[in-house]
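S.K.: So that we are looking at the same thing, I have put the structure below in structure tokens.
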Amino acid sequence: MLDNLGKNLTNTMKKLAGMSIIDKEVVKEVIKDIQRALIQSDVNIKLVLNLSKTIEDRALNEEPPKGVTPKEHVIKIVYEELVNLVGEKAQEVEIDKKPYKILFVGLQGSGKTTTIGKISRYLQKKGFNPAIICTDTWRPAAYEQLRQLTENMNLPLYGDPENKDALDLAKKGLNEFKKQDLIIVDTAGRHKEEKDLLDEMEEISAIVKPDEVILVIDGTIGQQAREQALAFSKTTKIGSIIITKLDGSAKGGGALSAVAEIGAPIKFIGTGERVDDFEAFDPERFISRLLG
Ligand code: GDP
């Protein structure tokens, strides 16, 4: 772990590794560097302060285990606490019943539809055969976007652009696909009022009874991620998060306040517009990015 850390983490850690003595001042300096990097990456200030305090307490009070130098010990503490902040590597999708139902929620533009394509490809490669239900009655192009996507990937799709009743679409779709191993339900990302959108999520969730709810968050929106996550989590229990658009300059730190707020792990990240630009979340890489 420490080897990887040495390879991956950035100047702050290199600096720490280069120190000959680890004392209170060095610990404080390292913490300042980390704070600066995290705040620049859009991590919520309260999270940063809590993290700093924990690192400082542990670094100054914990005895290193036998055979571990004080320096290695501090590096390990910093690493552990950063992993705590971003969450452990989440379990990948575990499909343990049939049909396994995944409900996708997230605001319009977050990359929800693109991500449904990506996760479907990912699950297809694992031997599953996802079927998609489109319940987005709000955005006229949603059905067409899914139709093209599913046609290219050879996936069954249920939707009806003429039907404006999302709950009815959900029910009919579930009925159509009851023999499938895996059903992915796409939902609307926008309504006239946010309250209508959230009410609809709650009602769809009650009908679908999902085995897993995935919240899609745009990695470039910074601190708004927290409010979005909170709003959706009031309508249904969010099981995991996918952060999109991490191919650009966004470091995705804002999404961490969503993780902290609702306690759901990040499972995947989106790294581009193409269907294969999708990877399992790797805490270590994410930390490097945050500090880099
Ligand atoms: P939806 O409204 O939430 O369904 O969002 P879409 O799936 O239609 O995506 C909105 C825009 O974001 C589209 O132009 C997508 O190509 C783009 N997009 C989605 N995911 C990513 C990503 O990981 N990286 C980049 N660069 N663009 C993405």
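Each reported figure results from applying straightforward, stated rules to the coordinates on display, with no laboratory input. Computed from a predicted model, the values in this text were never measured in an experiment. Glycine gets a Cβ as well: all are built from the backbone with ideal geometry, and neighbour counts include every protein chain shown.
S.K.: Report ³J(HN,Hα) in whole Hz for each residue of region 182-195, in order, from the Karplus equation J = 6.51 cos²θ - 1.76 cosθ + 1.60 where θ = phi - 60°; Gly and Pro get x.
M.R.: Values per residue, Gly and Pro as x: 8, 10, 10, 10, 8, 10, 5, x, 7, 9, 4, 10, 4, 4 Hz.
S.K.: A further question on this structure: If the cut-off is a Cα-Cα distance under 12 Å, which aspartates and glutamates reach K53, setting aside same-chain residues fewer than 8 apart in sequence?
M.R.: E81
S.K.: Same structure, new question: Placing +1 at every Lys and Arg Cβ and -1 at every Asp and Glu Cβ, with all other atoms neutral, what dipole size does the chain have around its Cα centre, in debye to the nearest 20? List each step's numbers first, then the result.
M.R.: On the way: 42 positive and 46 negative charges, 86 e Å.
My answer is approximately 420 debye.
S.K.: By DSSP, what percent of the beta bridges with both residues in region 168-292 are antiparallel, rounded to the nearest 5? Each step should come with its number before you reach the end.
M.R.: On the way: 3 of 11 bridges.
In region 168-292, DSSP labels about 25 percent of beta bridges as antiparallel.
S.K.: Quick check on the chain: of the DSSP beta bridges with both residues there, what percent are antiparallel, nearest 5%?
M.R.: Values: 3 of 27 bridges.
Of all bridge pairs located within the chain, approximately 10 percent are antiparallel.
S.K.: How big is region 29-178 by the Kirkwood estimate over distinct Cα pairs, in Å?
M.R.: Values: mean 1/r = 0.0514 Å⁻¹.
It works out to 19.4 Å.
S.K.: Another question about this same structure. D for region 159-243, whole µm²/s, Stokes-Einstein with Kirkwood Rh over alpha-carbon pairs at 4 °C and 1.567 mPa s: what number?
M.R.: Numbers: Rh = 14.0 Å.
Rounded to a whole number, D works out at 93 µm²/s.
S.K.: Working from the alpha-carbon coordinates of region 224-291, get Rg over Rh, Rh being the Kirkwood radius.
M.R.: Working: Rg = 12.0 Å, Rh = 12.4 Å.
Taking Rh as the inverse mean 1/r over Cα pairs, Rg/Rh reads 0.97.
S.K.: How much length, in nm to one decimal, is gained on full extension between K192 and E72, taken as 0.36 nm per residue of separation minus their Cα-Cα distance?
M.R.: Between K192 and E72, full extension yields an extra 37.8 nm.
S.K.: Sticking with this structure for a sec: Mind giving me the nanometre distance, one decimal, between the label points for K14 and E151, set 7 Å out from Cα along Cα→Cβ?
M.R.: 5.1
S.K.: What distance in nm separates the two pseudo spin-label positions at K98 and I21, each 7 Å out from Cα along the beta-carbon direction?
M.R.: 6.8
S.K.: For region 11-87, I need the span (max minus min coordinate) of the C-alpha atoms along each principal axis, in Å, sorted largest to smallest.
M.R.: The principal-axis extents, from largest down, are 36, 21, 18 Å.
S.K.: What length, rounded to one decimal in nm, is gained on full extension from Q40 through to R274, with 0.36 nm per residue of separation minus their alpha-carbon distance?
M.R.: On the way: separation 234, 0.36 × 234 = 84.24 nm, distance 2.80 nm.
Answer, rounded to one decimal: 81.4 nm.
S.K.: Assuming 0.36 nm per residue, please report the length gained on full extension of the stretch K178 to N129 beyond their Cα-Cα distance. Numbers along the way, then the final one.
M.R.: Numbers: separation 49, 0.36 × 49 = 17.64 nm, distance 1.27 nm.
Stretched out fully, the K178 to N129 stretch lengthens by 16.4 nm.
S.K.: Mind giving me the FRET efficiency for S249 and N84? R0 is 45 Å, r the Cβ-Cβ distance, nearest 0.05 is fine. Before the final figure, lay out the partial values.
M.R.: On the way: r = 26 Å, r/R0 = 0.57.
Computed FRET efficiency for S249 and N84: 0.95.
S.K.: Which of the peptides 122-129, 260-267, 72-79 is most tightly packed, and how do the rest follow, going by the mean number of other Cβ atoms within 10 Å of each residue?
M.R.: Details: 122-129: 13.9, 260-267: 18.6, 72-79: 20.6.
Top of the packing list down: 72-79, 260-267, 122-129.
S.K.: On to the next question. What spacing in nm lies between the two simple spin-label points modelled at D282 and L60, each 7 Å away from Cα in the Cβ direction?
M.R.: 3.6
S.K.: Counting only Cα atoms, I'd like the Rg/Rh figure for the chain, Kirkwood definition for Rh.
M.R.: Working: Rg = 21.4 Å, Rh = 20.3 Å.
Taking Rh as the inverse mean 1/r over Cα pairs, Rg/Rh reads 1.05.
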